[in-house]
Every structure is written in structure tokens, then in C-alpha cells.
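These notes are about the structure you will find just below.
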Amino acid sequence: MVTYNIRVFAFTILGLAFFTYGIIFLSTQNLDSIDFNNALTHISTTISINVILWTLFIKWAWKWKMFYPWLVPFPNLSGEWEGELKSNWKEKSLDPIPTEIKISQTFFNVQVKIKTNESRSHSIGASFDIDKDRGLEQLIYSYINTPKSSVRERSEIHYGSTILVFEDFKVNEMEGQYWTDRETTGEIKLKRKNVA
């Protein structure tokens, strides 16, 4: 799992709230005679502004490099990736399988879609496992694979899990392994095509 620094989040949320309130207060008050009723009404304005700012952060701003790693402990993997799978199916007699992967990511969610010539997969659960002390930087996801109907006599619908390993926050390559409920395993290597 990702280790979030709750103290940093708390100080950032409270700091932004006090900063916003301070700007509103100083721009609307006469400091010689403070109107406390007016000052209290600024609390709802401060809350509204902060909700908007945090919504923007959760949707888009978390991708900005200025937030790494002190506030955002994981990299932005959003975008299109290409690479190949090597399976142990039929005693490794298969050639490497070209694959395309699309990763959609928000601050709270990761979705992985995989496409090969014969099948489509999508994640049913995904999470980062980042722990610098243990030397772990990886994306772990479980998926369901649906082969084309024309190949289902030899490749049935199945579930699997994948671990993709990466380094640091500017990730352009990942590699890892996968295994399925058909008792097959394999390796996967990916390179980034573009960033979403």
C-alpha cells in the first residue's frame, strides 16, 4: 500500500483554509473596526473556495510535479503504453505477444485496460505498493480477460493479477509479471507511448 503522510495532508488542508480566510478577511475588513458578524460569514465562503480547490487538485492538479513526493506519493502513470507479454502457456512455445495498455488515473483511482490481437482485459482492482524502506515501487492490479469468440476454444475467459515495477516519479518503462486462474504465468515489459 501507499504510505500517505497524514500530517502533511492535515497541515496542507488547514493551511490552505487559514490562508484563504486570511485573504478574504483582509480584503473585506476595515482593521480599525472589525465587524465580527461579517467575519463569521467569510467561513462559508472559505469552505466553498477550498472545496473547489481540492476538487481541482483531486481531478487534475495532483499530476503537477510541484506536489511530488511531499503530497502525492505515487507517479502519474496515465496514458498509453505498449510492450509485450511472454507467457509460459504451452511450455513457453508462444512468441511474445504484442500488447497495448491504457492507464486512466485520478488521485484516488487507477484503471488499467489491456488489448492484444486476441483479447481485451480490464482491471477490477488496482493499487500502488510504494514503500521506499522496503525498496518497493509497483502497481498491482487484478483483471478479467475476455478473448475474442473466435479463439475461445483454446483461450477461455479468465481472471489474473499483475505486478508492474517502476522507478521514481518520471516513469517511462515498467516491467513485471502476471499469473492467471488458468495456472499460467508470464512476464510483461512496457514503454510509455504518451501521457494523458
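Restricting attention to the range 109-153, the residues being touching a Phe, Trp or Tyr at 6+ places or on another chain (Cβ under 6 Å) and among the acidic types (Asp, Glu) number 1.
Residues checked against (1) touching a residue at least 60 places away in the same chain (Cβ under 8 Å); (2) among the acidic types (Asp, Glu); (3) open to solvent by less than 40 Å² (accessible area, probe 1.4 Å):
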residue	(1), (2), (3)
130	yes, no, yes
134	no, no, no
143	no, no, yes
151	no, no, yes
154	no, no, no
159	no, no, no
162	no, no, yes
172	no, no, no
178	yes, no, yes
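Conditions tested, residue by residue: (1) among the basic types (Lys, Arg); (2) in contact with a strand residue (DSSP E or B) (Cβ under 7 Å, 6 or more places away or on another chain); (3) within 23 Å of residue 195 (Cα to Cα); (4) open to solvent by 60 Å² or more (accessible area, probe 1.4 Å).
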{"position": "7", "(1), (2), (3), (4)": "yes, no, no, yes"}
{"position": "40", "(1), (2), (3), (4)": "no, no, no, yes"}
{"position": "55", "(1), (2), (3), (4)": "no, no, yes, yes"}
{"position": "94", "(1), (2), (3), (4)": "no, yes, no, yes"}
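Among the residues of the range 57-79, just one is open to solvent by less than 70 Å² (accessible area, probe 1.4 Å) and charged (D, E, K, R), namely 63.
Being open to solvent by less than 80 Å² (accessible area, probe 1.4 Å), farther than 30 Å from residue 186 by Cβ and not basic (Lys, Arg) holds for only one residue in 23, 49, 101, and it is 49.
Scanning the range 88-125 for residues that are more than 17 Å from residue 161 (Cα to Cα) and acidic (Asp, Glu) yields 91, 95, 118.
The values are calculated or read from the model by the stated rules, or taken from the named source; none is laboratory data. The structure displayed is predicted, hence computed values, not measured ones. A quick note on method: Cβ atoms are made from the backbone with ideal geometry, for glycine too, and the neighbour counts reach across all protein chains shown. SASA here: full protein model, heavy atoms, side chains in, ligands and nucleic acids out. Shrake-Rupley method; radii C 1.70, N 1.55, O 1.52, S 1.80 Å.
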